[in-house]
Amino acid sequence: MKVAVFGAGTMGSGIAQVFAAKGHTALMYASSVASAQKHKDKLAASLQKRVEKGKMTQEAVDALLANVLVEEKSACADADLIIECVKEDMATKKELLNELDGLCKPETILASNTSSISMTSLAAATSRPEKVVGMHFFSPVPVMSLVEIVYGLRTSKETIDIVDELGKSMGKRTILAKDKPGFIVNRMLLPMLNEAVQVLDEDIGTVEDVDEGMMRGCNHPMGPLALADMIGLDILLEVMETFYLDLGDTKYRPAHLLRKMVSAGYLGRKSGAGFYVYDEGKKIGVNPVLVKA
Ligand code: CAA
C-alpha cells in the first residue's frame, strides 16, 4: 500500500515509521523536500541508535528506511491513503485537505491525525466526505498500541472498515469514536493534563510532586506535566481552546499558566524546555522559571 504522511514532526515521523516497518511505501512530506529529508535523517539517526543498543538489526533498519520516500507533492497523487499530521489548526488542515482532494485519485482515503478537530468539518473541505476519516495515533507512535478511528457524519462504513483493518494490520488495537471534541481518549486525558497545570499554578505542589503524585498514586507511566511536555504545550493549549469553545463549559478553560508557558516559547520537549528542561531529548531538570526562590 502507498501511504503519504503530511507533517513530519513527532507524530508524522512516527506514523511514517510504523507503516514503513510493515512494508508499506511511506511518502514523507514537510514544508519542503529539504525539510522532509532532514526529518528522514533524524528518523534514520534514532533507528541507528536502536541498532547500537541491539534492539534492531541493521537489515531491518535499512529495509524500513528504503520504504520511506521523500518526494515532490505530486508523487502522492496515486497514494491509497493520506494521513495529515500538520498544525492542529482547522484552517491549515482544511486548506491542505482541499488541495489533496484535487491532487489525488478518487479512491484515495484522506485521514487526519487530529487530536480534537471535527472530522465532519474537515471532510466538508473536500469533494469526498465519505472517504475522510480520523486515524488518531498516540505518542510515541511506534510504542503505543492504539489507533482511534473517528467517523464524521458522512464517513462511509467502507472507509471505516478499511482503516480499521489497516490499523489492526499495524499491530494496533483500534477503537471507534464519534466525532465530538477530543473523541474518546483526549476528551478524558487532556482536561486532566490541564488540571495538573492548574494545580501547579495554584502552588498546591511543585512540578516534581505533581508528577510523582500521579505516577506513584495512580501508577501512570509518566507524570502529567512530563506528558504535556511530550505532547507539546502548544498542542495542549490548542485542544483545550477547542474544548472550551465547542463544549462551552468553564471546566475546559485552559489554565492561565499554560497560556503563559506557550507565550514564553516553552513548548515542551520539542523546544528544549517546558515544565522540564531537556538536553538532546533527555530530561535534565525542572524549568528554573517554575522553581520558587
Ligand atoms: N519513540 C520510539 N520509541 C520510544 C520512544 C520514542 N519517542 N520513547 C520510548 N520508546 C521505546 C523505547 O525505545 C523502549 O523500547 P525497547 O524496550 O524496545 O527499547 C520502550 O519505548 C520503553 O522506553 P523506555 O524504557 O525508555 O521508557 P519507559 O519505559 O519509561 O516508557 C513511554 C516510555 C513509552 C513514553 C512511557 O513513559 C509511556 O507510556 N508514557 C505515556 C505515554 C502516553 O500517555 N502517550 C499518549 C499521549 S496522548 C497522545 O499522543 C494523543 C494526542 O492527541 C495528544
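Quick look at the numbers
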| read-out | value |
| --- | --- |
| Residue pairs, from the table Lys251/Lys283; Lys40/Lys87; Lys178/Lys270; Lys40/Lys172; Lys94/Lys131; Lys93/Lys282, whose Cα atoms sit over 26 Å apart | Lys251/Lys283; Lys178/Lys270; Lys93/Lys282 |
| Cα pair distances in the stretch 98-160, grouped into 5 Å bins until the bin that holds the longest one, percent each | 4, 20, 27, 23, 14, 9, 3 |
| Leading residue at positive end of dipole, the stretch 138-293 (Cβ point charges), from Leu237, Val141, Leu258 | Val141 |
| Whole-Å semi-axes of the chain's equivalent ellipsoid (Cα gyration tensor) | 32, 24, 17 |
| Accessible area per residue in Å² at 1.4 Å probe, computed on the stretch 122-219 | 49 |
| Using alpha carbons only: equivalent-ellipsoid semi-axes of the stretch 152-203, gyration tensor based, whole Å | 33, 14, 5 |
| Net charge of Cβ neighbours under 14 Å - reference Val51; Lys, Arg +1; Asp, Glu -1 | +1 |
| Taking only Cα atoms of the stretch 1-43, radius of gyration then Dmax in Å | 9.3, 26 |
| Dipole magnitude of the chain about its Cα centre (Cβ charges: Lys, Arg +1; Asp, Glu -1), debye to nearest 20 | 340 |
| Size-normalised alpha-carbon gyration radius of the stretch 223-291, reference 2.2 N^0.38 Å | 1.13 |
| Overall dimensions of the stretch 57-198 by Cα: Rg and Dmax, Å | 15.8, 47 |
| For the stretch 6-105, projected area of the alpha-carbon convex hull averaged over all directions, nm² | 6.2 |
| Debye equation applied to the C-alpha atoms of the stretch 16-66, log10 I(q)/I(0) at 0.16, 0.25, 0.32 Å⁻¹ | -0.45, -0.96, -1.23 |
| Compactness index (Cα Rg / 2.2 N^0.38 Å), the stretch 138-293 | 1.14 |
| Options Gln58, Ala228, Pro288, ranked by Cα towards positive dipole end of the chain, top entry (Cβ charges) | Gln58 |
| Average Cα contact separation per residue, the chain, under 8 Å, 6 or more apart, as relative contact order % | 12 |
| Backbone HN-Hα couplings from phi across the stretch 88-102 [Karplus 6.51/-1.76/1.60, Hz, Gly and Pro as x] | 6, 9, 3, 5, 4, 5, 5, 4, 5, 4, 5, 5, 5, 4, x |
| Charge context of Glu238, other residues only, Cβ under 10 angstrom, K/R +1, D/E -1 | -3 |
| Share of alpha-carbon pairs per 5 Å distance bin for the stretch 72-115, given as whole % | 5, 24, 34, 23, 12, 2 |
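The values are calculated or read from the model by the stated rules, or taken from the named source; none is laboratory data. For clarity, every value in this text was computed on a predicted model and none was experimentally measured. Note that we place each Cβ from the backbone using ideal geometry, even for glycine, and neighbour counts take in every protein chain shown. All accessible areas refer to the heavy atoms of the entire protein, side chains included, with ligands and DNA or RNA removed. Shrake-Rupley method; radii C 1.70, N 1.55, O 1.52, S 1.80 Å.
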